[in-house]
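See below for the structure under consideration.
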Amino acid sequence: MKKILSVVLIAVATSVVTMAVAKKYFYPTIVYQHPTEESSDLHFANYTEPSASADGGYVNLEDAAERSSKAVVHIKTETKARAVQYRSPFGDDFFDQFFGGGQRYYQQPQQSSGSGVIVTADGYIVTNNHVVDGADQVTVILNNKKSYPAKVIGKDPSTDLAVLKINETNLPSIPYGNSDDVKLGQWVLAVGYPLTLETTVTAGIVSAKYRNIGINQTKSGNNAIESFIQTDAAVNPGNSGGALVNSRGELIGINSAIASPTGSYAGYSFAIPSNIVRKIVADMIKYGNVQRAYLGVAYVDSKNATPEQISALKLDKIEGVYVNQVYDGSAAESAGIKEGDFITRIGNKTIKTGPEMTEQIAQFRPGDNTTITYLRNGKETTTTINFKNRFGTTDIVKADVLASLGVTMRELTKQESQALKVKGGLYITDINPTGLIGKQTRMKKTFVITQVNEKDITTTLELEKLLASGEKEFQLGGIYPNYQGLYYYMVKLD
C-alpha cells in the first residue's frame, strides 16, 4: 500500500512541475483589460461591429439584407403580339406603303421580368430602362406578394434607368447612400429576383469603380453615360434593376449588367452609381424626362488614348482629362476652357478619367453652377462653370423627341462619310418596333439619315433641333450603304 501511495505522490508532483514549466515557457500570459488612452497599445483579440461611418472589419449584413429586401420588387412585363412588316432596302418606300410591299409576319407575345427598387413611400420605383423598354404592360409585385399595375413615368436609355409609379402608400423604401464614398474592397449586397427565384440577396465586395463597358452605347450612342460600380456580388438575369446596398442598407447603385461569356454570372457585375440614380429619378418625377447638363467638350484620357497619344499629350505624367475640342457656345467655352487644357476637378471631386467626369456632370442640371479646375501649361486655374442643355441654353428641355423615334443611332465618322460620299449623317444601329419609326415606317437597320425635310443634317443635335421645332410631320431622307439611290420615310410625331 505504501508503495502504491509513493507512486501516486511522485506522479502528482511530476505533473505539477510539468504544468508549471509549460505555463512559463510554452503558453503566453493573457491579460484582460479594457483599452484606455493610457494603454492604447492593447487591443481586443476579437471582431467588432462596424461603426455607423465605416464598412471595414467584420461586417454584419443581416439588418441591411432584411430591410432592403422588403423594398426591392419583382417587375414583370408583357409585350403583345404585333404584325411586323419586313422589306429589303430596295425600291420606293412611298410606293410600298401605298401598295403593301414587303412580307408580313407576326411577332409572338413576349414576357420577361426584372427587379426594381422602391425609392419613395408613395410608390415611385426605379429600375433599368431595358427591363421595361417596349413593354405594353408592366406589373410590380411587392415582397409581400401584392401585385400592382405600374405606369412608366420616364425612361432614359443614356443611363439605362426608368421610373415607375404604383398607386400605394406607406411602402418600405431604401434611402440613398453617397456613391462617391464607395471604396474598393467595401462589402456590398445585391438584392433582386434572379432567374425564376424569389427575393435573393448575394454578397460581395466592390472590385472597381468608374467602369465604362460600352453597353449603353448600343441604345443611346454618343449620349451614353457609364461610370459603373463593379462588384463580385452574384448577379444573374432577373437581377436587372435591383438594389446594390452597403452594410448600412443604403442604396449605392442599381444593378444593370454582368460580364459573362455565357449570359449568366461569371464573377463580375456592374451597377449604376446612386448619385446618378438620385438625380435621374428626381428629374423624371418632376419633369417627366431627364434635364441633362452638358459641358461641351471632346476629350481624351488615359483609358481611351492610344500609346502615341499618351506619350504626345503627357497623359502618363498629368492626371486629368485632356480637352481636344471645345464646342462653340458651350458651357466649357463660357468658362474659359480651351483645347489643350487638362480638366482635373469638378466641384470637390478629383477627375482622372472620362467616366469620372461624366459621372459628376450627370449629377447637374442646366443652369446649375459649380467650380471646375483645369491645368494650362502647368498652371492650375479654378473657375465657375454654368452648365447648359444640349441646345446651348439653360431652359427646361421638354420630352425627348429623339427617344420617341425608337431608334439607336450614331454619327458617321469622317472615313465613313468619305466612303459613302456624303457630308455626314446618322447611322441607324437598331430600331424598336414600338417606337414611331418602327410603327410608322419600314425603315431598316443600317439606314443613314442625311436630311430632314430636305435640310442636310450630320449630328444628333441638328436632328433634335429640327424635331423640336414644333412641326408634326417630317420626311427623313437618306441612303443604305451598298445600295443605289435615296430613300424617304414619313414620320408623324405624337
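The values are calculated or read from the model by the stated rules, or taken from the named source; none is laboratory data. Keep in mind it's a predicted model, so treat the numbers as computed, not measured. Note: ideal-geometry Cβ built from the backbone for every residue, glycine included; neighbour counts use all protein chains shown.
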Please identify the pairs in which a residue from segment 466-477 that is closer than 13 Å to Asp456 by Cα has its Cβ atom under 7 Å from the Cβ atom of a residue that is of a type in the set (Lys, Arg) and surrounded by fewer than 16 Cβ atoms within 10 Å (Cβ to Cβ), counting only partners at least 6 apart or on another chain. Leu466/Lys455
Could you please tell me which pairs satisfy a Cβ distance under 8 Å, a separation of 6+ or placement on different chains, a first residue in segment 400-412 that is more than 17 Å from Ala162 (Cβ to Cβ), and a second residue that is of a type in the set (Phe, Trp, Tyr) and in a strand (DSSP E or B)? Met409/Tyr427; Arg410/Tyr427; Glu411/Tyr427; Leu412/Tyr427
The residue from Lys421, Lys465, Lys439 that alone is modelled with pLDDT of 90 or more and of a type in the set (D, E, K, R) is Lys421
Pairs where the first residue, in segment 369-396, is over 21 Å from Asn324 (Cβ atoms) and the second is surrounded by fewer than 13 Cβ atoms within 10 Å (Cβ to Cβ) and of a type in the set (Asp, Glu), C-beta under 6 Å, 6+ apart: none
Would you confirm whether or not segment 422-437 contains a residue that is under 24 Å from Ser274 (Cβ atoms), more than 23 Å from the chain's Cα centre (by Cα) and small (Gly, Ala, Ser)? no
Tally of residues being touching a strand residue (DSSP E or B) at 6+ places or on another chain (Cβ under 9 Å), closer than 23 Å to Thr159 by Cα and surrounded by fewer than 21 Cβ atoms within 10 Å (Cβ to Cβ) across segment 364-377: 4
Could you please let me know if Val131 is within 21 Å of Ala362 (Cβ to Cβ) and either of a type in the set (A, V, I, L, M) or crowded, with 17+ Cβ neighbours inside 10 Å (or both)? yes
